[in-house]
1. Find all pairs meeting these conditions: Cβ atoms under 9 angstrom apart; at least six residues apart or on different chains; first residue within segment 45-65 and touching a residue at least 12 places away in the same chain (Cβ under 8 Å) and at positive phi; second residue surrounded by fewer than 24 Cβ atoms within 10 Å (Cβ to Cβ) and part of a strand (DSSP E or B).
2. What number of residues in segment 61-74 are surrounded by fewer than 19 Cβ atoms within 10 Å (Cβ to Cβ) and more than 23 Å from residue 109 (Cβ to Cβ)?
3. Scan 33, 90 and give me the residue that is surrounded by 24 or more Cβ atoms within 10 Å (Cβ to Cβ), at pLDDT 95 or above and outside any helix (DSSP H, G or I).
4. Count, please, the residues in segment 123-148 that happen to be crowded, with 23+ Cβ neighbours inside 10 Å, under 14 Å from residue 172 (Cβ atoms) and touching a helix residue (DSSP H, G or I) at 6+ places or on another chain (Cβ under 8 Å).
5. Among the residues of segment 242-251, write down those that are part of a helix (DSSP H, G or I) and out of contact with any helix residue (DSSP H, G or I) (no Cβ under 7 Å at 6 or more places or on another chain).
6. If you check 45, 5, 53, which single one turns out to be in a loop (DSSP other than H, G, I, E, B) and more than 21 Å from residue 76 (Cβ to Cβ)?
7. Out of segment 176-219, which residues are touching a strand residue (DSSP E or B) at 6+ places or on another chain (Cβ under 8 Å), assigned to a helix (DSSP H, G or I) and farther than 14 Å from residue 231 by Cα?
8. Of the numbered conditions (1) under 21 Å from the mean Cα position of the chain (by Cα); (2) loosely packed, with under 13 Cβ neighbours inside 10 Å, residue 252 satisfies every one except a single condition; which is it?
């Protein structure tokens, strides 16, 4: 297991199976990936979930907020036919894998800490995507790694754009910088000189540069050529092929080099209108969700 692997499965491998479900993580793991990305939302009763959105509308077609439902109620919900996954269940399911975990809200911080402690997985977790103070608190409490938060990223990217030096105190203690491929709608690689400075500054600060989300083989190659350390992708099968071609992939034993079949979205999924969850109980929610 390693937080320094090049290939990272975004939301478990969202291009291969429903995002953040056990099916997605299992498929990426079978391909040989040992660095998996997920998100954390929290239920009404404080259970940390591997779930991206604040609501169930996009993934399950239900007009309800995750924070308003208990874990017992959410157990009935299906995302593309797959159950919603608890974070501690995910961490326990893949003891040989490491995880990048996006902290979507400060309310999820304490349940995230509980899940990491309960599964004794701090050494294989890096928290990301939040305020610097949130990430720092989680890292200091659990002993896990952390990426730069929003303030740190803005400082680093601003320095790269202007050619100035980023204050070390802002970058201190972080393990990585997670940078979206497009910033304000513009690819950060569009300005070659600024991109080169960003890579150099990140590495000079002792940080790993991680970019997301890259789903095209040519773009994967471009970012790797630029010096990016890890690439987060919905299509780990494609990234694996790119890395094999570069001689940069060492597949775990028993992982044949095969291309996984990407998930297919049914036409009705594209036009589905969210159903409103009953306020009294969400036992019926599972029946109203797909699968």
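The values are calculated or read from the model by the stated rules, or taken from the named source; none is laboratory data. Predicted model only: the values in this text are computed from it and were never measured. Heads up, the Cβs are rebuilt from the backbone with ideal geometry, glycines too, and the neighbour counts pull from every protein chain shown.
1. What qualifies is 61/275.
2. Qualifying residue count, segment 61-74: 1.
3. Of 33, 90, the one residue that is surrounded by 24 or more Cβ atoms within 10 Å (Cβ to Cβ), at pLDDT 95 or above and outside any helix (DSSP H, G or I) is 33.
4. Residues meeting the conditions: 3.
5. 243, 244, 245
6. Among 45, 5, 53, only 5 is in a loop (DSSP other than H, G, I, E, B) and more than 21 Å from residue 76 (Cβ to Cβ).
7. Of everything in segment 176-219, those that are touching a strand residue (DSSP E or B) at 6+ places or on another chain (Cβ under 8 Å), assigned to a helix (DSSP H, G or I) and farther than 14 Å from residue 231 by Cα turn out to be 198, 202, 203.
8. (1)
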